[in-house]
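Since every read-out is calculated from the coordinates, none of them should be taken as a lab result. Small disclaimer: the values here were computed from a predicted structure and weren't measured. In this analysis, Cβ positions are derived from the backbone assuming ideal geometry, glycine residues included, and neighbour counts consider all displayed protein chains.
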Amino acid sequence: MRMLTLSVTLAAIAISLAACQTAAERRAGDEKQCLSYGFRRGTDSFATCLQRIDLSRSAAARYNSDMLMLDMSYNIGGPYYGRPYYYRRYR
């Protein structure tokens, strides 16, 4: 049983680390994508392509974060619209 638990834990760690990318790997992938679109390195359009990919990635991360928070709020008991019902002013 202990061996099974250890192997499942190691597999989970390996999968999570395989999903990680360094900044250099991400940049190389972005450059490869812009080159496949026909842009040449060192041009303004190549820099614009890289910038748009980065902005798109940031927007996707922001959207995913918002959806996660929304899902968490519904799991807790619904969205928050105002002051909580237990709010009380102390003098």
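Report the gain in length on full extension from Arg27 to Ser58: 0.36 nm times residue separation, minus Cα-Cα distance, nm rounded to one decimal.
9.8 nm
Using only the Cα atoms of the range 23-76, build the gyration tensor, take square roots of its eigenvalues as a ≥ b ≥ c, and label the shape rounded, prolate or oblate: rounded if a/c is under 1.5, else prolate if a/b is larger than b/c, else oblate.
Cα axes put the range 23-76 in the prolate bin.
Work out the charge dipole of the range 23-76 with +1 on the Cβ of Lys and Arg and -1 on the Cβ of Asp and Glu about the Cα centre, then indicate which of Phe46, Met69, Gly29 is farthest towards its positive end.
Phe46
If you put +1 on each Lys and Arg Cβ and -1 on each Asp and Glu Cβ, how big is the dipole of the range 23-76 around its Cα centre, in Debye rounded to 20?
Using Cβ point charges on Lys, Arg, Asp and Glu, the range 23-76 gives about 240 debye.
Could I have the simple spin-label model distance between Ser36 and Thr5, label points 7 Å from Cα toward Cβ, reported in nm to one decimal?
For Ser36 paired with Thr5, the spin-label model returns 4.4 nm.
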